[in-house]
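Shown below is the structure under consideration.
The values are calculated or read from the model by the stated rules, or taken from the named source; none is laboratory data. Bear in mind the structure is a predicted one, so any value in this text is a computation, not a measurement. A quick note on method: Cβ atoms are made from the backbone with ideal geometry, for glycine too, and the neighbour counts reach across all protein chains shown. Note: areas computed on protein heavy atoms with side chains; ligands, DNA, RNA excluded. Shrake-Rupley method; radii C 1.70, N 1.55, O 1.52, S 1.80 Å.
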Amino acid sequence: MKIKIWINDKVYNDHIEPDTMLIDYLRDKGFKSVKCGCDTTNCGLCTVYLDGKTVLSCSVPAARAAGHRVTTLEGVAKEAEEFARFMAVQGAEQCGYCSPGFIMNVLAMAKELENPTEDEIKAYLAGNLCRCTGYEGQYRAIKNYLAVTRANYKLFEKGEVIEGVR
Amino acid sequence: MYTIQGYSKVKTLEEAYELNQKRSSTIIGGGMWLRLGNRSIGTAIDMSDLGLNQIEETETEFVIGAMTSLRDIECHAGLHQYFNGMMKEAMKGIVGTQFRNTATIGGSIYQRFGFSDPLTALLALDTTVEMYAGGMIPLDKFVIMDYDNDVLVRIHIKKDRTQAAYQSFRNAKTDFPVLTAAVSRRDGKLKVVIGARPGRAVVAKCPDVLASAPTEEDVKKFSGRVAEMVSFGTNMRASAEYRKILAEVLVKRAIMEILEQTSPEATGGVCK
């Protein structure tokens, strides 16, 4: 079947099999940041934005995304890199396999929640699994990222912000 | 993983209904559970272009399109003002935000999944499902009906000042629930729903009336009697015996929560 789809603001016209999943289509088009982790809709690794909302691309048929706008990590590379630097400073990555989906969801959260508490951060990111770290490094990175990028973010003490990370 | 021979993004409900009369056809809601099986689907019916991904709030009810995501229900400010914010509470434990953005209410309710949090919550309210051919069917009745080839179009929740509370227990966050319970109180009358038994959610037959100003001990006894009236099963997550004990605890907590609610209105607030 024929589809027309926008990926990171570029239009693609393709023929696909009806049961092609969005994750497979995106990887075929070269968007290798989108990876399959659990294949059971649990790990969040395959997270992309569909019309601006986070979805699990392993469960969305590519045909459903036809006519819509898909954003992958490559499409938000600048913001992703900025947040990834906070991750690196905190030693929040070990194998790094979960990072693309995790970063996509963190960026979505940062847009959606104005001033999240730690519990709200944890609840929002519950669908992103990391089997290396125990999450503490990621949470520190998020806290610092929010503290640095938002002047009104008051959850954390000033001293917790790592100066010069940007 | 399923296989699909043909994919149809239907333009009308009539088209969806006609296509769905073939046994090999399947409507794809969110597709989260469907993709974990190995079905061979002749025609996959996609209703995502029918504008059924909206929640409409009228003076008398909330009308939720079948393709509305669980996340949209969780974040709906209007819904949050009613039923003590129970719908948000029922959604928030379902995997993660991306999952809830992808899963649809129609998929969860039509399939009447035993593990469905929304089914348990909606059963506690005055909820009606709107089927394309079957018309309006109370959810209490729909939940015990056999599957057919009809199409679930919308879900209607009557807007009233029903007090409600939701409880669930999971072995691990983001897992399926071991047990769910929802309790509502309308005109002084309690309705208790228990789900993830692990079978479909059921409205429990309350054995007697709870005293008008019950003590915690009264509520505990009442919850225990309710749990006695419901059948439970065993699966990899828990035994029937364990679920029965859990049911008593969760029903008690839900009733206590309702009793502690000073006002039938939720406190409000936006989704976080």
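I want the local charge near B:Q98. Using Cβ-Cβ distances under 9 Å, sum +1 for each Lys or Arg and -1 for each Asp or Glu among the other residues.
Its environment carries a net charge of +3.
Further, regarding this structure: Between the alpha-carbon centers of the stretch B:144-198 and the stretch B:20-44, tell me the distance in whole angstrom.
So the two Cα centres are separated by 25 Å.
Report the calculated FRET efficiency for B:S231 and B:L36 (r = Cβ-Cβ distance, R0 = 25 Å), to the nearest 0.05.
After rounding, the FRET efficiency stands at 0.45.
Can I ask one more? Under a Cβ-Cβ cut-off of 9 Å, what is the net charge of the residues other than B:V63 that fall near it, where Lys and Arg count +1 and Asp and Glu count -1?
-3
Can you tell me the convex hull volume per residue for the stretch B:1-88, based on C-alpha atoms, in Å³ to the nearest whole number?
Hull volume over Cα atoms, normalised by residue count, gives 111 Å³.
Moving on. Ratio of Rg to Rh for the protein assembly as shown, alpha carbon only, Kirkwood?
My calculation of the ratio gives 0.98.
Same structure, new question: Residue-wise, which Karplus ³J(HN,Hα) couplings in Hz belong to the stretch A:115-126, taking 6.51 cos²θ - 1.76 cosθ + 1.60, θ = phi - 60°, and x for glycine or proline?
Per residue, the Karplus-derived 3J(HN,Hα) values read 8, x, 7, 4, 5, 5, 4, 5, 5, 5, 9, 4 Hz.
Hey, with R₀ at 45 Å, roughly what FRET efficiency would B:S239 and A:E17 work out to, going by the Cβ-Cβ distance, to 0.05?
That pair, B:S239 with A:E17, gives E of 0.55.
Taking only C-alpha pairs under 8 Å that are 6+ residues apart, what is the relative contact order of the stretch B:213-266 in percent?
40 percent
Taking the Cα centre as origin and putting +1 on Lys and Arg beta-carbons and -1 on Asp and Glu beta-carbons, what dipole magnitude results for the protein assembly as shown, to the nearest 20 debye?
Taking the Cα centre of the protein assembly as shown as origin, the dipole is about 640 debye.
Quick one: helix B:216-228 against the long Cα principal axis of chain B, what's the angle to the nearest 10°, folded into 0 to 90?
Here the helix axis deviates by roughly 40 degrees.
Can I ask one more? Out of B:K159, B:K220, B:K11, any idea which swings most in a Gaussian network model of chain B, alpha carbons joined below 10 Å?
Sorting by GNM fluctuation, first place goes to B:K11.
How much accessible area per residue does the stretch B:55-158 have, in Å², with a 1.4 Å probe?
Per-residue value: 32 Å².
Follow-up. If I compute solvent accessible area with a 1.4 Å probe over the protein chains, what percent of it on the stretch B:55-158 is carbon and sulfur?
Roughly 49 percent, rounded to a whole number.
With a 10 Å cut-off between alpha carbons and a GNM built on chain A, which of A:V48, A:V11, A:V106 moves the most?
A:V11
With solvent modelled as a 1.4 Å probe, how much accessible area in total do chains B and A shield from it at their shared surface, in Å² to the nearest 100?
For B against A, buried area totals roughly 2500 Å².
State, in angstrom, two size descriptors of chain B derived from its alpha carbons: Rg to one decimal place and Dmax to the nearest whole number.
According to the Cα coordinates of chain B, Rg and Dmax are 18.6, 60 Å.
From the backbone phi of the stretch B:6-13, what are the Karplus-calculated ³J(HN,Hα) couplings (6.51 cos²θ - 1.76 cosθ + 1.60, θ = phi - 60°) in whole Hz, Gly and Pro given as x?
The phi angles translate into x, 10, 10, 8, 6, 9, 9, 5 Hz.
Of all DSSP beta bridges in the protein assembly as shown, what percent run antiparallel (nearest 5)?
Around 80 percent of the beta bridges assigned by DSSP in the protein assembly as shown are antiparallel ones.
Compare the Cα positions of B:V193, B:T215, B:I258 along the charge dipole of the stretch B:163-260 (+1 at Cβ of Lys, Arg; -1 at Cβ of Asp, Glu; about the Cα centre) and return the one farthest towards the positive end.
Result: B:V193, furthest along the dipole toward the positive end.
Would you please report the Å³ per residue occupied by the convex hull of the alpha carbon atoms in the stretch B:55-158?
89 Å³
Going Cα to Cα from B:K205, which lysines come in below 27 Å? Please leave out same-chain ones fewer than 8 positions away.
Of all the lysines, those that pass the test against B:K205 - Cα under 27 Å, at least 8 places apart if same chain - are B:K88, B:K141, B:K158, B:K159, B:K189, B:K191, B:K220, B:K221, B:K244, B:K252.
Something else now. Given +1 on the Cβ of Lys and Arg, -1 on the Cβ of Asp and Glu, and no further charges, what dipole in debye does the stretch A:79-151 carry about its Cα centre, rounded to the nearest 20?
140 debye
Can you give the local net charge around A:V34? Use residues other than it whose beta-carbon is closer than 12 angstrom to its beta-carbon, Lys and Arg +1, Asp and Glu -1.
In short, +1.
Which whole-angstrom value gives the distance between the alpha carbon centres of the stretch B:76-105 and the stretch A:1-59?
The stretch B:76-105 and the stretch A:1-59 have Cα centres spaced 25 Å from each other.
I'd like the orientation of helix A:99-112 relative to chain A: the angle between its Cα long axis and the longest Cα principal axis, in ° from 0 to 90, rounded to 10.
Here the helix axis deviates by roughly 70 degrees.
List residues of the stretch B:26-55, by number, whose backbone nitrogen lies under 17 Å from a label position 7 Å along Cα→C-beta of B:E15.
Answer for this model: B:26-29, B:43-53.
Which residues' amide hydrogens lie under 5 Å from the amide hydrogen of B:V153, considering only partners 5 or more residues apart or on another chain, with H built in the peptide plane?
Placed amide hydrogens put B:E130, B:M131, B:Y132 under 5 Å from B:V153.
Let me ask something additional. Going Cα to Cα from B:K22, which aspartates and glutamates come in below 13 Å? Please leave out same-chain ones fewer than 8 positions away.
B:D148, B:D150
Once you charge only the Cβ atoms, +1 for Lys and Arg and -1 for Asp and Glu, what is the size of the charge dipole of the stretch B:55-158 about its Cα centre, to the nearest 20 debye?
320 debye
A further question on this structure: Taking only Cα atoms, what is the 0 to 90° angle, nearest 10, from helix B:240-260's long axis to the longest principal axis of chain B?
Roughly 70 degrees between the two axes.
Just to be sure I follow the rule: in chain A, considering lysines 8 or more places apart or on different chains, how many pairs have Cα atoms under 16 Å apart?
Within chain A, the lysine pair count is 10.
While we're on this one: Using Cα springs under 10 Å in a Gaussian network model of chain B, which residue among B:A172, B:A227, B:A103 shows the largest mean-square fluctuation?
B:A172
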